[in-house]
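Beneath this line is the structure, given in C-alpha cells, with notes to follow.
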Amino acid sequence: MPREMEFRRIPGLPPYVFTIIDSLKLEARRAGRDVIDLGFGNPDLPSPQIAVDKLAEAVHNTRNHRYSASRGIPKLRQAAADMYQRRFGVTLDPETEIISTIGAKEGFSHLMWVLLQPGDAAIVPTPSYPIHIWGPYFAGADARQVAIGDGTDASGYIDRVMEAWEYGWPKPRVVVLSFPHNPTTTIATKEDLQRLVDWARERDVVLVHDLAYADMTFDGWRPPSIMECDGAKEVAVELYSMTKSYSMAGWRVAFLVGRPDVVGALAKLKSYLDYGTFQPIQIAATVTLNEALDFPTEVSAVYESRRNTLCDGLDRIGWDIHRPKGTMFAWARIPEPYREMGSIEFATHVIESCDVAVSPGVGFGPGGDGFVRFALIENEQRTGQAIRNLKKGLTRLQ
Ligand SMILES: Cc1ncc(COP(=O)(O)O)c(C=O)c1O
C-alpha cells in the first residue's frame, strides 16, 4: 500500500451539493420508492434536431477528427457574434472579443486562473452556483462572499458589493455576477448592470457575468446582457452557454465575450490547456446558433409552464414562495412550521416523507440555509404529483 497521499486544493471541498442529494435519492429508490427528482438542474429536453443531424453528418468527415481550434473555429465565433447582435443588439468582434469554452463552467474556472493568484481576492455572491465560489479558491485567491438577498432583486447585492470592495483589503480584482441567478433566481435590470459598469470603470476591477440563463425567462421578461451597458467592454466579460438555451448540456459549448485583453488572456491559457471542443460539435453548434432561432423561446415556454404548475401548486398547499422570472429553478424559504430544521434536515425530511428530492440551500453556501431549491426538470404531470406528495407529507402546512 502506498502511503496516504495529501492532496492539494480539494481537501477543503465539502461533498458537491448534488452528490449529497443524489445519495439520499438513490437510497430511497433502492428501497423501491418512486422519488420525483427536483434536485439536480440537469436539462431534460432533447437538443435541437438540427444539432443532432449536423453532428452526425460532420462526424463522418475524417478531417473533423483532428485537433480543433482551442478558441473555437471562426464560423462558430461568427455565429456567436451574430446571435449577440440579434438577441442583445450588441456588436462583438469575433476575432478579439469572443472565444468558445468547454461549457461556462470550464470557461469560468480557467478565467479565474488568468485574473487571480494567491493573495488576490474576488467578490462572489452567497449563496452561489458552487464554481463561482470555488473558482477563485482553485486559483489560490480568496472568495469574499457577499449576500445576494432573498431573490427578489439585485440592487441590494450591488450595494453590498460596492461596500465590500470599498472596505476590503486587498482590493478585490474580480466581481462575480450572474443574473438570472442560480439558485436564488434573482434578476438584474440593465440599469442595475449599468450602475456596476459605471462603478467598475472608476476602479481596477473586472466584472465577470455568467449569463447561463440568458434565454430561460418567463412572463415576457428578457434579461439584459452586461455587454449592452455603455462602457462594458472596458471592464466586463460575460459567459453565454448553449447548455440551457439550446438544451445542449452534454455538448459543452459556451462562449466568453467582452473585454478584449481578458478574452485574449483566457485564449492564451487555453491554447496550452486544450484543443477545443470536438470539431463536429463546434460545427453542429454553429449551425444551431444560425438556424434554430426559435428554439430558446420554445424551451423557455416549457419551463415557464412547469414553473406555473409548481408555484401555483405550492401556493395551494400553503407554501408561500417567490415566483421566479427566470432560470430553471424556484427558490423557496422553508415553511415557517419547519424553519428550525435548517435546509439539510428539511430536504432529508422532504425525501423521506414526500418522495420528492430538492436541493438544500446551504449546499450553495452559508447564505442559502433556510431555503431549498426546486429544479423545474420534471414534466407537469410529475410536478403535479410532487405537489400532491408534499401536501400529504408536510403535515404541518395549512
Ligand atoms: C450559473 C450557472 N453557470 C454555469 C452553469 C453550467 O453551464 P455549462 O453547462 O455551460 O458549463 C450552470 C448550470 O447549472 C449554472 O447554473
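The values are calculated or read from the model by the stated rules, or taken from the named source; none is laboratory data. The structure presented is a predicted model; accordingly, all values stated were derived computationally and were not measured. Please note: Cβ atoms are built from the backbone with ideal geometry, for glycine as well, and neighbour counts cover all protein chains shown. Please note that ligands, DNA and RNA were not included when accessible areas were found on the heavy atoms of the full protein model with its side chains. Shrake-Rupley method; radii C 1.70, N 1.55, O 1.52, S 1.80 Å.
A few remarks follow.
- Site-free segments of the chain were taken between trypsin sites (Lys or Arg not before Pro) in DSSP loops having at most 13 other Cβ atoms within 10 Å, sites themselves excluded; the longest one is 67-395.
- Neighbours of TYR167 by Cβ distance under 14 Å: Lys/Arg scored +1, Asp/Glu scored -1, total +1.
- Computed over neighbours whose Cβ is under 10 Å from that of ALA330, the net charge equals +4, Lys and Arg +1, Asp and Glu -1.
- Each part reduced to its alpha carbon centroid, region 345-394 and region 71-136 end up 31 Å apart.
- Flagged links, alpha-carbon separation over 32 Å, of LYS105/LYS391; LYS190/LYS391; LYS25/LYS105; LYS54/LYS190; LYS105/LYS190: LYS105/LYS391; LYS190/LYS391; LYS54/LYS190
- Among TYR167, TYR275, TYR129, the largest mean-square fluctuation in a Gaussian network model of the chain (Cα springs under 10 Å) belongs to TYR167.
- Nearest 10 degrees, 0 to 90: helix 103-115 Cα axis against the chain principal axis: 60
- Multiplying each eigenvalue of the alpha-carbon gyration tensor of region 65-291 by 5 and taking the square root yields semi-axes of 27, 20, 16 Å, largest first, rounded to whole angstroms.
- Accessible area (Å², 1.4 Å probe, nearest 10) - CYS229: 10
- Using a probe of 1.4 angstrom and keeping all protein chains present, the accessible surface of region 65-291 works out to 36 square angstrom per residue.
- Applying 1/(1 + (r/R0)^6) with R0 = 51 Å to the Cβ-Cβ distance of ARG86 and ARG339 gives a FRET efficiency near 0.65.
- About its Cα centre, region 284-340 has a charge dipole of approximately 180 debye under the convention of +1 per Lys or Arg Cβ and -1 per Asp or Glu Cβ, with nothing else charged.
- When the solvent-accessible area of the chain is split by element, carbon and sulfur atoms take up 52 percent of it, the probe being 1.4 Å.
- Each label was represented as a point 7 Å from its Cα along the Cα-to-Cβ direction; for ASP159 and ARG222 these points are 3.1 nm apart.
- Cross-link reach list, aspartates and glutamates versus LYS244, counting only Cα pairs under 16 Å and skipping chain neighbours closer than eight places: ASP44, GLU106, ASP210, ASP215, ASP294, GLU298, GLU304, GLU378
- Spacing of the modelled spin labels on THR189 and ASP22, each 7 Å from Cα toward Cβ, amounts to 4.1 nm.
- Cα gyration tensor shape of region 195-262, rounded if a/c is under 1.5, else prolate or oblate by comparing a/b with b/c: oblate
- GNM on the chain, alpha-carbon springs under 10 angstrom: the most fluctuating residue among MET242, MET341, MET227 is MET341.
- Modelled this way, with points 7 Å down the Cα-to-C-beta line, the labels at LEU45 and GLU352 are 3.7 nm from one another.
- When HIS60, HIS132 are compared by accessible area at a 1.4 angstrom probe, the order from most to least is HIS60, HIS132.
- Between helix 17-30 and the chain: long-axis angle, C-alpha atoms, 0 to 90°, nearest 10: 50
- Three-way shape label, region 233-284, alpha-carbon gyration tensor, a/c 1.5: oblate
- Here's the picture: a label point sits 7 Å out from the Cα of TYR275 along the beta-carbon direction, and within region 49-75 the residues with their amide nitrogen under 16 Å of it are 59, 61-73.
- Computed from the C-beta positions of TYR167 and LEU13, the FRET efficiency with R₀ = 41 Å rounds to 0.90.
- Charge dipole (debye, nearest 20) of region 34-84; +1 at Cβ of Lys and Arg, -1 at Cβ of Asp and Glu: 620
- Farthest toward positive dipole pole in the chain [+1 Lys/Arg, -1 Asp/Glu at C-beta], among VAL176, VAL114, VAL161: VAL114
- About its Cα centre, region 65-291 has a charge dipole of approximately 760 debye under the convention of +1 per Lys or Arg Cβ and -1 per Asp or Glu Cβ, with nothing else charged.
- FRET efficiency estimate (nearest 0.05) - Cβ-Cβ, MET1 to ASP294, R0 51 angstrom: 0.30
- Per-residue [θ]222 nm for the chain (sum of -39500 (n - 2.57) over DSSP H runs n ≥ 4, rounded to 500): -13500 deg cm²/dmol
- Mean separation of Cα pairs under 8 Å and 6 or more residues apart, divided by the residue count, gives the chain a relative contact order of 23 percent.
- Of the chymotrypsin sites (Phe, Trp or Tyr not before Pro) in region 15-84, the ones in a loop by DSSP (not H, G, I, E or B) with at most 13 other beta carbons within 10 Å are TYR16, TYR67.
- Using θ = phi - 60° in the Karplus curve 6.51 cos²θ - 1.76 cosθ + 1.60, the 3J(HN,Hα) couplings for region 45-50 round to 7, x, 5, x, 4, 4 Hz; x is entered for Gly and Pro.
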